[in-house]
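Colleague: Right, I'll just put the structure down here and ask away after.
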Amino acid sequence: MNAILKSATPTHMHPEEWQARLQLAACYRIFAMLGWTEMIYNHITLRLPASVSGGDKHFLINPFGLHYSEVTASNLVKIDLQGRVLDGSPHPVNPAGFTVHAAIHAGMADAHCVMHTHTTAGVAVACLEGGLSQSNFYSAQLHDMVAYHVFEGITIHAEEAPRLLRSIGTKPAVILRNHGLLAWGATLAQTFAVLWTLQRACEIQLATLSMGPAIPVPEAIAAKCTRDALQFNPNHGAGQDVYDALVRQVDRLDASYKN
């Protein structure tokens, strides 16, 4: 855990759970700072380590009804895969958010973190018949990393979970058709790096298409870009340096997420 995420662990809480809470609360504030918010909706979830959960799959989610700028380490809600609140939180959990995130956490061993957004650029590309265009610097870094899942309506039905998992396969960047963007990864920082790259690719595609046809990036060049980028690779930090820089910025603006 980065040294900047320091706050005294509550006496009743496992130190690793508190560190996870600090990390996730900081991420919610980063999303708010970047404008990746949708009123009180959307979610970032983080699975707790086995040392905290005793081997069960428990994860943290935002309290439904609060804006991302109001999320703190202490008001995050700990739930299990059935959506049961485990920490006595008075806050409810959004069933639509829980369904998608629980399916991925339950079905994918490496999905330590899951992020979902409804940004304008992300939803716009999700609504395009052709989806993400391999035509800019950022989409080229996601060569063969993007999955698509067809729109089945508001995600509150558990029976969609197997189809969602089949659509995703092993690809960490996901475009939910007519809906938005999603990313998952082995760490929060890695997941953020994937989502940020996907978001930037969508923003640039949106701007490009407003001016005219895009110049396609050849398959071989895109594949080389993805190999050369290294920003998702654990051997090269997997996005931790970017995440740390953004946490420092949040700390300068408002460090109340540590409460």
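Colleague: With the calculation restricted to Cα positions, what are the radius of gyration and Dmax of the stretch 109-190 in angstrom?
Modeller: When restricted to Cα atoms, the stretch 109-190 yields Rg and Dmax of 12.6, 37 Å.
Colleague: Ignoring everything except DSSP H segments at least 4 long, calculate the 222 nm mean residue ellipticity for the chain; use -39,500 (n - 2.57) per segment, divide by total residues, nearest 500.
Modeller: Numbers: 8 runs with 100 residues, N = 259.
Here the helix-only value at 222 nm equals -12000 deg cm²/dmol.
Colleague: Something else: Once you place label points 7 Å from the Cα toward the Cβ at Asp144 and Thr226, how far apart are they in nm?
Modeller: According to this spin-label approximation, the distance is 0.6 nm.
Colleague: Separate question: Taking the simple approach of a point 7 Å from Cα along Cα-to-Cβ for both Asp80 and Ala255, what is their distance in nm?
Modeller: If labels sit at Asp80 and Ala255, their model points lie 3.7 nm apart.
Colleague: Additional query: Points 7 angstrom from Cα along the Cβ direction at Met33 and Ala124: gap in nanometres?
Modeller: Distance between label points: 2.5 nm.
Colleague: Another question, then. Just order 59-68, 215-224, 24-33 by mean Cβ neighbour count inside 10 Å, highest at the front, would you? It would help to have the intermediate numbers written out before the result.
Modeller: Details: 59-68: 20.1, 215-224: 12.9, 24-33: 22.9.
Those peptides, ordered most packed to least, come out 24-33, 59-68, 215-224.
Colleague: A follow-up question, please. Please state the relative contact order of the chain as a whole percent: Cα pairs under 8 Å, 6+ residues apart?
Modeller: Numbers: 449 pairs, mean separation 54.1, N = 259.
In percent, rounded to a whole number, it is 21.
Colleague: Here's another thing I want to ask about it. Counting only protein heavy atoms and a 1.4 Å probe, tell me what percentage of the stretch 141-196's accessible area is made up of carbon and sulfur.
Modeller: Numbers: 1420 of 2320 Å².
Summing carbon and sulfur atoms, their accessible area is 61 percent of the total for the stretch 141-196.
Colleague: What are the principal axis extents of the Cα atoms in the chain, in Å, biggest first?
Modeller: Largest first, the chain extends 58, 41, 32 Å along its Cα principal axes.
Colleague: If each residue of separation counts as 0.36 nm, what is the full-extension length gain between Asp241 and His14 once their alpha-carbon separation is subtracted? All intermediate terms of the calculation are to be shown ahead of the outcome.
Modeller: Values: separation 227, 0.36 × 227 = 81.72 nm, distance 2.59 nm.
Taking 0.36 nm per residue and subtracting the Cα distance, the gain is 79.1 nm.
Colleague: Taking the Cβ-Cβ separation of Ala214 and Ser69 as r and a Förster radius of 30 Å, what is the calculated FRET efficiency to the nearest 0.05?
Modeller: Efficiency at R0 = 30 Å is approximately 0.30.
Colleague: So which DSSP H runs in the chain come out at 24 Å plus along the axis (Cα) with average Kyte-Doolittle of at least -0.5?
Modeller: Values: long enough: 15-34 (29 Å, 0.18); 188-209 (31 Å, 0.85).
Counting only whole DSSP H runs, the qualifying helices are 15-34, 188-209.
Colleague: How much accessible area per residue does the chain have, in Å², with a 1.4 Å probe?
Modeller: Numbers: 11610 Å² over 259 residues.
Ligands and nucleic acids excluded, the result is 45 Å² per residue.
Colleague: Using Cα-Cα distances under 8 Å and only pairs 6 or more residues apart, what relative contact order does the stretch 8-78 have, in percent? Intermediate results must be reported in sequence, preceding the final value.
Modeller: Values: 89 pairs, mean separation 25.1, N = 71.
Answer for the stretch 8-78 is 35 percent.
Colleague: Among the listed pairs Lys78/Lys258; Lys171/Lys224; Lys78/Lys171, which have their C-alpha atoms separated by more than 22 angstrom in this model?
Modeller: Working: Lys78/Lys258 17 Å; Lys171/Lys224 17 Å; Lys78/Lys171 27 Å.
From the list (Lys78/Lys258; Lys171/Lys224; Lys78/Lys171), the Cα-Cα distance tops 22 Å for Lys78/Lys171.
Colleague: Once you keep just the Cα pairs under 8 angstrom separated by 6 or more residues, what percentage relative contact order results for the stretch 110-259? Don't skip to the answer; put the middle values down first.
Modeller: Numbers: 221 pairs, mean separation 48.1, N = 150.
Averaging sequence separation for qualifying contacts and normalising by length gives 32 percent for the stretch 110-259.
Colleague: Rounded, prolate or oblate: which fits the stretch 129-240 when a ≥ b ≥ c are the square roots of the eigenvalues of the alpha-carbon gyration tensor, with rounded for a/c under 1.5 and prolate only if a/b beats b/c? Could the numbers behind the result be given before it?
Modeller: On the way: a/c = 1.95, a/b = 1.17, b/c = 1.67.
Cα axes put the stretch 129-240 in the oblate bin.
The values are calculated or read from the model by the stated rules, or taken from the named source; none is laboratory data. All values reported here derive from a predicted model rather than from experimental measurement. Positions of Cβ are backbone-derived with ideal geometry, glycine not excepted, and every protein chain shown enters the neighbour counts. To get the accessible areas, we keep the full protein, side chains included, count just its heavy atoms, and leave off ligands, DNA and RNA. Shrake-Rupley method; radii C 1.70, N 1.55, O 1.52, S 1.80 Å.
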